[in-house]
Amino acid sequence: MAFYDLSAEERKRHVEKISREMLADIEKGGTKKILRYFSDSDTYIRKSAYIAAGRIYSAHPALRKKIIRLLGELLQSDDFYIRQTAVNAAGEIAMKDFGAVEKFFDNSLFDPHHSVRNAVIGSIKKSGRKNPRPVLAWAKKFLHHPDKEVRREICHGIELRGRTHPQEILPLLAELQFDTTARVKNTLVHVIGQISYKKNCLPVVIPALSKWKNRELVAKAIEEIIDVHDRYRNFSALTQKEAIDFIHKNLV
């Protein structure tokens, strides 16, 4: 039976069971239950497991070294589900203790399976919102990586922090303005749009874009910003007309 075939009360009990059994495994140095949950075909079981791992890490300081060692072992598994879940568990830890799991992201960013690589970016997104300083410093290392997909993924990975604090990621985005790869440029334009429509964001984004040297890229970004203010009009701080007027007045 799938996780969401259970009633709300049954799901709650099952999540508690997952956490309880994982804690017992970690304390005893075992992996039987952890492997079972980390490899489950049900996305929500795996999600419950990696969230449990993060909570156990926070609640039990004495077990942290064991947990980090365990995640390192799981990342050597042949099962991509296990590696994916281990990366997501590292993402839970990274929200408070990025340094403890940084090496896992370094390696898993180049995992042969796309699901594991995507888990790295998902982890960077969620940890970047809560613990931005080390996460953005890590992301900066890969902005000029020779692999275009790495550059694109990193650009996408820092987006969520930019939605609330665009000033923190705009200097990183600026380093990509002359990237010659279409997929990277398209992602860059998309991210600029995504960090422009929340309250107080456009007044940060437009002055920054005014200083960029690649005016062709800036023009595409402005088109995207204007379009985003229409597509997300129910969530935008400004109407599309207000955004256009602000841009015309303030873009140098």
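Normalise the Cα radius of gyration of the stretch 76-150 by 2.2 N^0.38 Å (N = residues in it) and let me know the number.
Details: Rg = 11.6 Å, N = 75, 2.2 N^0.38 = 11.3 Å.
Rounded to two decimals, the normalised Rg is 1.02.
Rg and Dmax of the chain, both derived from C-alpha coordinates alone, stand at 20.6, 64 Å. Counting only Cα atoms, the stretch 140-249 measures 40, 25, 21 Å along its principal axes, largest extent leading. In a DSSP loop and with at most 14 other Cβ atoms within 10 Å, the trypsin sites (Lys or Arg not before Pro) in the stretch 213-252 are K213, R233.
For a distance above 24 Å, tell me the whole-number percent of Cα pairs in the stretch 83-204 that qualify. Please report the intermediate quantities before stating the final value.
Details: 1614 of 7381 pairs.
Counting pairs separated by more than 24 Å, the tail of P(r) holds 22 percent.
Accessible surface area normalised per residue over the stretch 1-60 is 59 Å², counting heavy atoms of protein chains with a 1.4 Å rolling probe.
Given +1 at the Cβ of Lys and Arg, -1 at the Cβ of Asp and Glu and no other charges, the dipole of the stretch 1-128 around its Cα centre is 340 debye to the nearest 20.
For the stretch 187-252, what ratio Rg/Rh do Cα atoms give with a Kirkwood hydrodynamic radius?
Values: Rg = 10.6 Å, Rh = 11.5 Å.
Rounded to two decimals, Rg over Rh is 0.92.
Per-residue Karplus couplings for the stretch 63-71, computed as 6.51 cos²θ - 1.76 cosθ + 1.60 with θ equal to phi - 60°, are listed in order as 9, 4, 4, 4, 5, 5, 4, 4, 4 Hz, Gly and Pro entered as x.
Dipole magnitude for the chain: computed about the Cα centre from +1 point charges on Lys and Arg Cβ and -1 point charges on Asp and Glu Cβ, it is near 620 debye. Toward the positive end of the charge dipole of the chain, with +1 on the Cβ of Lys and Arg and -1 on the Cβ of Asp and Glu, the farthest Cα among S127, L75, F38 is that of S127.
Rg/Rh for the stretch 20-98 (Cα atoms only, Rh after Kirkwood) is 0.92.
Solvent-accessible area of the chain (1.4 angstrom probe, protein heavy atoms only): carbon and sulfur portion equals 51 percent.
Net charge within 11 Å of G162 by Cβ-Cβ distance, Lys/Arg positive one each and Asp/Glu negative one each, not counting G162 itself? Local net charge: +3.
The values are calculated or read from the model by the stated rules, or taken from the named source; none is laboratory data. Source: prediction; values computed, not measured. Counting neighbours? That spans all protein chains shown, and the Cβs are built from the backbone with ideal geometry, glycine included. Note: accessible area is taken over every heavy atom of the protein model, side chains too, but ligands, DNA and RNA are not part of it. Shrake-Rupley method; radii C 1.70, N 1.55, O 1.52, S 1.80 Å.
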